[in-house]
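The values are calculated or read from the model by the stated rules, or taken from the named source; none is laboratory data. Quantities reported herein were computed from a predicted structural model and do not represent experimental measurements. All Cβ positions, even for glycine, are placed from backbone atoms using ideal geometry, and neighbour counts span all protein chains on display.
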Amino acid sequence: MPRLFGHNLIFVIAAAVVMYLIGYLWYGILFMEPYMELSGLTEGESTPAWRMWGVGIAIPFCYAIGLAAIIAKTGGFGLAHYVKIALICGALFAAATSLSHFAYEPGHAAMLTIINVSHLILVFAVGGIILSFGRSSEIA
């Protein structure tokens with residue numbers, strides 16, 4: 001099976017797909033109403049299809065590929081190592097970037113930031129879990 005940064009490509013793809021599905025559940029079901037209200041969206045408004053599907057699906061693939069690359073560079077193995085590195089990346093890169101909206105955009109609701117940051121930390125943790133099963137300790 002082809003590998004990407006020492007990880008089985010199937011697991012990298014699986015991590016990206018699961019990350020995307022978590023986003024769908026997070027924003028489309030669990031927090032749909034508060035997210036729409038805090039974002040100033042109405043039910044009649046929608047994101048253009050090219051943006052939602054093209055850019056939207058590219059984001060978790062970037063997360064999964066980046067996470068695979070960073071974890072491979074650390075040289076560690078095992079579920080605990082993967083989750084630790086994934087949480088560090090999720091908190092210090094993804095969540096910190098999301099916090100910039102709260103810091104620099106007037107009117108950006110604190111609750112919207114909490115919804116976004118918690119989503120990012122969750123998807124990185126789950127991505128790390130999935131990737132941990134796709135890397136052999138014999139492959140450095």
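Being among the polar types (S, T, N, Q) and closer than 17 Å to A110 by Cβ is the filter here, so list the residues in the range 29-54 that pass it. It would help to see each step written out before you state the result.
Pass one, the range 29-54, residues among the polar types (S, T, N, Q): 39, 42, 46-47.
Within the range 29-54, S39 is the sole residue that qualifies.
Assess whether A16 counts as being touching a Phe, Trp or Tyr at 6+ places or on another chain (Cβ under 9 Å) and either more than 11 Å from G127 (Cβ to Cβ) or among the hydrophobic types (A, V, I, L, M, F, W, C) (or both).
Values: touching a Phe, Trp or Tyr at 6+ places or on another chain (Cβ under 9 Å): yes; either more than 11 Å from G127 (Cβ to Cβ) or among the hydrophobic types (A, V, I, L, M, F, W, C) (or both): yes.
Judged against the criteria, A16 is a match.
If Y24 meets every condition in (1) closer than 24 Å to G107 by Cβ; (2) in a helix (DSSP H, G or I) apart from one, which number is that one? So the condition that Y24 fails would be (1). State whether the residues of the range 22-44 include one that is touching a residue at least 40 places away in the same chain (Cβ under 8 Å) and touching a Lys or Arg at 6+ places or on another chain (Cβ under 8 Å). No, that holds for no residue. Counting only residues that are of a type in the set (S, T, N, Q) and not in a helix (DSSP H, G or I), the range 126-139 holds 2 of them.
Yes/no matrix, rows are residues, columns are (1) farther than 19 Å from V117 by Cβ; (2) touching a Leu at 6+ places or on another chain (Cβ under 7 Å); (3) modelled with pLDDT under 90:
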{"site": "L25", "(1), (2), (3)": "no, no, no"}
{"site": "P34", "(1), (2), (3)": "no, no, no"}
{"site": "T47", "(1), (2), (3)": "yes, no, yes"}
{"site": "R51", "(1), (2), (3)": "yes, no, yes"}
{"site": "G54", "(1), (2), (3)": "yes, no, yes"}
{"site": "A80", "(1), (2), (3)": "yes, no, no"}
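For F133, the criteria (1) surrounded by fewer than 16 Cβ atoms within 10 Å (Cβ to Cβ); (2) touching a residue at least 60 places away in the same chain (Cβ under 8 Å); (3) closer than 17 Å to G23 by Cβ; (4) not charged (D, E, K, R) hold in every case but one, which is (3).
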